[in-house]
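Just so you know, all these numbers are worked out from the coordinates, no wet-lab data involved. The structure displayed is predicted, hence computed values, not measured ones. Methodologically, a virtual Cβ is constructed for each residue, glycine included, from the backbone with ideal geometry; neighbour enumeration extends over all protein chains shown.
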Amino acid sequence: MINRITLLLFIGLAFWSCEEGELCDNSLSDEAKQYANNNWDLYTWYYFTVYGPTGKIEHNGRQWTENDFGAMRDYRGTHHLLLHLYGDLAAQYGEFITSDSLGIISGYLDSDLVNVVRDSSFYENIGKYDQFVGGWSDSNTDWYWEEKQLEDSTEIVIKTPKKQVYLNMFPQCD
């Protein structure tokens, strides 16, 4: 009898675990993807990283410099986006390149010859990494940062209001 009860409990637990996994598989909703597609753009990102904020910024009595926000000022960072090239650009550089090469194709970023591959890595990167904050349509006027306390240091997390809305759309599956 105890073996049957144990078996039933095990089956119930396994069923519950599968059901939980199905409900929260970390996939992004179509609504969140559409929001990102409408509010994040490659040309805006490149322009912001090259010409974005400079100088000193005072906040909460502390002087910050552009070095403190270096992640958002360089498109050649630790992460990258995949770019799909067309026409003469594809003939010259190949059909696919990474965003580390934006400088060589920057004159074509607002044309039909360059598109970001909007795969799961794209949607994760633009929400997760400060390097991509400049692509949000409100980044030029409304970027801000929050200080996140870690065990032995403080991390700066750079956001915009639109990026925050996007982050709120992510599934909470941790």
(request) Sort Lys163, Lys33, Lys148, Lys128 so the one with the fewest other Cβ atoms within 10 Å of its own Cβ comes first. (result) Lys148, Lys128, Lys33, Lys163
(message) Let me check against my output: what whole-number percent is the relative contact order of the stretch 29-168, with C-alpha pairs under 8 Å and at least 6 apart?
(response) 27 percent
(request) Equivalent ellipsoid semi-axes for the stretch 29-168, as square roots of 5 times the alpha carbon gyration tensor eigenvalues: give them largest first, rounded to whole Å. (result) 28, 17, 13
(request) Sort Met169, Met72 so the one with the fewest other Cβ atoms within 10 Å of its own Cβ comes first. (result) Met169, Met72
(request) Calculate, in nm to one decimal, what Arg118 and Asn38 gain on full extension: separation in residues at 0.36 nm each, minus their alpha carbon distance. (result) 27.6 nm
(request) Indicate the gyration tensor shape class of the stretch 130-174 (rounded, prolate or oblate), computed on the Cα atoms with a ≥ b ≥ c the square roots of the eigenvalues: a/c under 1.5 is rounded; otherwise a/b larger than b/c is prolate and the rest oblate. (result) oblate
(message) What does the extension gain come out to for Thr141 and Val50, with contour length at 0.36 nm per residue minus their alpha carbon separation?
(response) 31.2 nm
(request) Could you work out the local net charge near Ser121, counting Lys and Arg as +1, Asp and Glu as -1, over the other residues with Cβ closer than 15 Å to its Cβ? (result) 0
(request) Work out the length of the dipole vector of the stretch 29-168 about its Cα centre, built from +1 on the beta-carbon of each Lys and Arg and -1 on the beta-carbon of each Asp and Glu, and round it to the nearest 20 debye. (result) 140 debye
(message) Could you give the length gained by full extension between Tyr108 and Leu82, i.e. 0.36 nm per residue of separation minus their alpha carbon distance, to one decimal place?
(response) 7.8 nm
